[in-house]
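Student: Here it is, the structure in full.
Every read-out reported here was derived from the displayed coordinates using simple, explicitly stated rules and does not represent laboratory data. If you're wondering where the values come from, they're calculated on a predicted model, not measured in any experiment. Cβ placement follows ideal geometry from the backbone for every residue including glycine, while neighbour counts extend to all protein chains displayed.
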Amino acid sequence: MSRSQRVYAWFDDRLDLDEAEQFMGKAFPAEDSFLLGEVALFSFVMLVLTGIFLGFFYEPSTTEMTYEGSVAQFQGESLPAAFGSVLQLTYDVPFGMFIRRFHHWAAHLFVASIGLHMLRVFFHGAYRNPREINWVVGTTLAILAMGAAYTGYALPFDEFASTATGIGYNIAGSIPILGDPIAAIVFGGDFPSSATIPRLYFLHVFVIPILIAGGLALHMGLLVRQKHTEAQREDDVKPVDSGTAEAAADRNRETVDREDDSVVVGLPAFPNQTAVSAVVFFLTLATLSALAGFLPVHNIAEYGPNNPAGTPALIMPDWFFMWLYGFLKVLPSSLGFHLGPIEISAEFLGGVALPSLVFLAVFAWPFIDRRRDSVHFTADPFERPVQTGVGVAGVVFVMIASIAGMNNLLAEALGTTTGAVNLPLLLAMIVGPIAAFGVVHRAISRERTTADTAAQPDGDDRTEPPEVTDDE
Ligand code: HEM
């Protein structure tokens, strides 16, 4: 027995590696869009690694310190430690600026890839029985990712970021009855108070990442347990004959029937899928390095430390919060009302009630579009007028709401006031998605009718309705 075999046998005795080997042979369907989830996963890994680096230098405190770093305009000044430490980190710690930018862009890529991954799962119908639970876990992960971004945004304690995150404090405070306790727990009472930064820091570096890591373990565990969905096969799948020894062994395997949903056809997890994933990992790393190298992020030296007396001219949340900000901007304050002694403010309706309804609809979707039997194959979005229509309507809704979040820029571009654009934006948020649904539904239904008519022998003109699939 060679030394490497002895080492293998040592581990095998203890860990039953033969069984693990079987797991490594699990098939992973070779579909490019399935790699979006991996991009999200790798972005999270990079966020944790870069976050650890930043944690060595960041000071989660608003206590004043004398700044002695290299930014001339603040030298010798007394600054809140959080702000001063981020200045130090950016301009005096070797690679500090690069890692800070990397962390920033990884957060953006994390949220973007989660959004795209979610759309991929939606349009492929991969949320259907038995994967409803994983859809619910995934939606929770999406909310947690936004929570991580929000709490991180506040940490440099500069004038811009703390004013923007203060909007969240006001929204939390607007929740009837629970508002004050929630604001006290999350923000430590008033915003910003000396307790705010330590609270948000603890949430950002401990509570939320642990919840995300736990959620991810569950997400991946369910994925392995339930197997991955697979695109419809065009034909029966014959064993590959590439002339290698493995292929010779493969030849003894049976052909997989086109309809057989008890097995997944794809690349073995090891080594093939691992090699693909490694490429995705390094591409993610390279993309983030390029972004961090070339694109600056939030310039805190320009904004200066938080100043309770001042308000920056333009407050903008990150792009992924823009749709929520849009709700706040276009809902008129006159919508608020009283339920006995309880105030239901427009801020609560736009900042809490409406977003909660949106997320509730997302959570509930697999139970609305439900299946009695489990499905293994992904659906073709061009075969599902209702579901694809709903998906496109959802995207249009979020896009119009995001434009509403930038109503001031729109008004400026049109040479008018924000008041003048708010009502059209509110109407567009209602009419736009309905119109999008109508157009998509009609286009797909018509396409399917044409395809079904063309498929009939001799192009005869029988007027039977198109075949209804189980996706209807
Ligand atoms: C932290 C965020 C997330 C990460 C890192 C992540 C990662 C992944 C990965 C790597 C896969 C397998 C490859 C693939 O199908 O893309 C997957 C599958 C899946 N994800 Fe996620 N995901 C996240 C969030 C979400 C969200 C927001 C949803 C939906 C609301 C979701 C629903 C699903 C479902 C249903 C599957 C199974 C898909 C299938 O079998 O075709 N995930 N996820």
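Student: Stokes-Einstein D for the range 271-342 at 25 °C, 0.890 mPa s, Kirkwood Rh over Cα pairs, in µm²/s? Working shown, then result.
Tutor: On the way: Rh = 17.7 Å.
Calculated translational D: 139 µm²/s.
Student: Hey, what did the range 148-292 get for relative contact order, percent, Cα under 8 Å, at least 6 apart? Present the calculation step by step, with values, prior to reporting the outcome.
Tutor: Details: 94 pairs, mean separation 21.1, N = 145.
In percent, rounded to a whole number, it is 15.
Student: Does the range 314-381 come out rounded, prolate or oblate by the C-alpha gyration tensor, with a ≥ b ≥ c the root eigenvalues, rounded set by a/c under 1.5 and, if not, prolate when a/b is larger than b/c and oblate if not? Mind dumping the intermediate values first?
Tutor: Details: a/c = 4.44, a/b = 1.84, b/c = 2.42.
Taking the square roots of the gyration eigenvalues as a ≥ b ≥ c, the range 314-381 is oblate.
Student: How about the range 20-120: which chymotrypsin sites (Phe, Trp or Tyr not before Pro) there are in a DSSP loop, with at most 16 other Cβ atoms within 10 Å of their Cβ? All intermediate terms of the calculation are to be shown ahead of the outcome.
Tutor: On the way: sites: Phe23, Phe34, Phe42, Phe44, Phe53, Phe56, Phe57, Tyr58, Tyr67, Phe74, Phe83, Tyr91, Phe95, Phe98, Phe102, Trp105, Phe110; in loops: Tyr58, Tyr67, Phe95.
When the chymotrypsin sites (Phe, Trp or Tyr not before Pro) of the range 20-120 are filtered for loop state and at most 16 Cβ neighbours within 10 Å, Phe95 remain.
Student: Taking the dipole about the Cα centre of the chain, with the C-beta of Lys and Arg at +1 and of Asp and Glu at -1, give me whichever of Met429, His104, Thr63 is farthest to the positive side.
Tutor: Looking along the dipole axis, the top candidate is Thr63.
Student: Also: Please list the equivalent ellipsoid semi-axes of the range 357-400, computed as the square roots of five times the alpha-carbon gyration tensor eigenvalues, in descending order and whole angstrom. Working shown, then result.
Tutor: On the way: eigenvalues 87, 46, 10 Å².
Equivalent ellipsoid semi-axes, largest first: 21, 15, 7 Å.
Student: Semi-axes of the equivalent ellipsoid for the range 313-472, please: Cα gyration tensor eigenvalues, times 5, square-rooted, ordered largest first, whole Å. Mind dumping the intermediate values first?
Tutor: Details: eigenvalues 325, 82, 36 Å².
Equivalent ellipsoid semi-axes, largest first: 40, 20, 13 Å.
Student: Using only the alpha-carbon atoms, how far is helix 3-15 inclined from the longest principal axis of the chain? Give it as 0 to 90 degrees, nearest 10.
Tutor: In the chain, helix 3-15 runs at an angle near 80 degrees to the longest axis.
Student: Once the Cα atoms of helix 274-294 and of the chain are each reduced to a long axis, what angle between those two axes, in degrees from 0 to 90 to the nearest 10, is obtained?
Tutor: Its long axis makes an angle of about 30 degrees.
Student: Could you please tell me the mean projected area of the C-alpha convex hull for the range 76-158, averaged over all directions and given in square nanometres to one decimal?
Tutor: Across all orientations, the range 76-158 yields a mean hull projection of 6.6 nm².
Student: Related question: Give me the mean projected area, in nm² to one decimal, of the convex hull enclosing the Cα positions of the range 96-240.
Tutor: Values: hull surface 51.5 nm².
Result: a mean projected hull area of 12.9 nm².
Student: At a threshold of 8 angstrom on Cα-Cα distance, excluding pairs fewer than six apart, so keeping six or more, what relative contact order does the chain reach in percent?
Tutor: On the way: 572 pairs, mean separation 90.3, N = 472.
Answer for the chain is 19 percent.
Student: Now for a different question. For Leu15 and Leu218, calculate 0.36 nm times their separation in residues minus their Cα-Cα distance, and state this gained length in nm to one decimal.
Tutor: Values: separation 203, 0.36 × 203 = 73.08 nm, distance 2.21 nm.
Once the chain is fully extended between Leu15 and Leu218, it gains 70.9 nm.
Student: Further, regarding this structure: Efficiency by 1/(1 + (r/R0)^6): what FRET value for Glu259 and Tyr91, r their Cβ-Cβ distance, R0 = 56 Å, to the nearest 0.05? Each step should come with its number before you reach the end.
Tutor: Details: r = 63 Å, r/R0 = 1.12.
So, using R0 = 56 Å, E works out to roughly 0.35.
Student: Could I ask something else about it? Let me spell out the model: positive unit charges on the Cβ of Lys and Arg, negative unit charges on the Cβ of Asp and Glu, origin at the Cα centre of the range 244-401. What dipole size does that give, in debye rounded to 20?
Tutor: Charge dipole of the range 244-401: 300 debye, to the nearest 20.
Student: For helix 418-455, what angle does its Cα long axis make with the longest principal axis of the chain, in degrees from 0 to 90 and rounded to 10?
Tutor: Helix 418-455 sits roughly 0 degrees off the main axis of the chain.
Student: Relative to a virtual label point 7 Å from the Cα of Val45 in the Cα→beta-carbon direction, which members of the range 274-312 show backbone nitrogen distances below 13 Å?
Tutor: Answer for the range 274-312: 274-286.
Student: Which residues in the range 142-184 have a backbone N closer than 12 Å to a point placed 7 Å from the Cα of Asn307 along the Cα-to-Cβ line?
Tutor: From the range 142-184, the list is 159-160.
Student: Here is a follow-up. Determine, for each peptide in 111-119, 146-154, the mean count of other beta carbons within 10 angstrom over its residues, then list the peptides with the highest first. Could you put the intermediate results ahead of the total?
Tutor: Numbers: 111-119: 19.2, 146-154: 21.7.
Result, highest mean first: 146-154, 111-119.
Student: Assigning unit charges at the beta carbon (Lys, Arg +1; Asp, Glu -1) and nothing else, what dipole magnitude in debye, to the nearest 20, does the chain show about its Cα centre? Numbers along the way, then the final one.
Tutor: Numbers: 26 positive and 50 negative charges, 180 e Å.
It works out to roughly 860 debye.
Student: With a Förster radius of 35 Å, plug the Cβ-Cβ distance of Val7 and Phe294 into 1/(1 + (r/R0)^6) and report the FRET value to the nearest 0.05. Could you put the intermediate results ahead of the total?
Tutor: Values: r = 45 Å, r/R0 = 1.28.
About 0.20, to the nearest 0.05.
Student: Also: Using helices alone, what [θ] at 222 nm do you get for the chain, with -39,500 (n - 2.57) per DSSP H run of 4 or more residues, divided over all residues and rounded to the nearest 500? If you can, show how the numbers build up before the last one.
Tutor: Working: 18 runs with 277 residues, N = 472.
Taking each H run of at least 4 residues, the total per residue is -19500 deg cm²/dmol.
Student: At 7 Å along the Cα-to-beta-carbon direction for both Ser33 and Gln456, put a label point, then send me their distance in nm to one decimal.
Tutor: About 3.1 nm, to one decimal.
Student: Then there is this: For the charge dipole of the range 27-136, defined by +1 on Lys and Arg C-beta atoms and -1 on Asp and Glu C-beta atoms about the Cα centroid, which residue among Gly84, Ser113, Leu49 has the Cα displaced farthest towards the positive pole?
Tutor: The one lying farthest along the dipole's positive direction is Ser113.
Student: Can you tell me the dipole magnitude for the range 1-69 around its Cα centre, using point charges on the Cβ only (Lys, Arg +1; Asp, Glu -1), in Debye to the nearest 20?
Tutor: Numbers: 4 positive and 12 negative charges, 55 e Å.
Rounded to the nearest 20 debye, it is 260 debye.
Student: Under a cut-off of 20 Å between alpha-carbon atoms, report the lysines in cross-link reach of Lys238, not counting same-chain residues fewer than 8 places apart.
Tutor: In chain and number order, the partners are Lys26.
Student: Let me ask you something else. Please give the length that would be gained between Ala435 and Phe377 if that part of the chain were fully extended, namely 0.36 nm times their separation in residues minus their C-alpha to C-alpha distance (nm, one decimal). Walk me through the numbers on the way to the answer.
Tutor: Working: separation 58, 0.36 × 58 = 20.88 nm, distance 2.99 nm.
Here the segment from Ala435 to Phe377 would lengthen by 17.9 nm.
Student: Largest first and in whole Å, what are the equivalent-ellipsoid semi-axes of the chain based on the Cα gyration tensor, each being the root of 5 times an eigenvalue? The partial results should precede the final answer.
Tutor: Details: eigenvalues 398, 237, 74 Å².
Square roots of five times the eigenvalues give 45, 34, 19 Å.
Student: Something else now. Considering the options Pro271, Thr287, Asn129, tell which one lies farthest towards the positive end of the dipole of the chain, charges being +1 on Lys and Arg and -1 on Asp and Glu at the Cβ, about the Cα centre.
Tutor: Thr287
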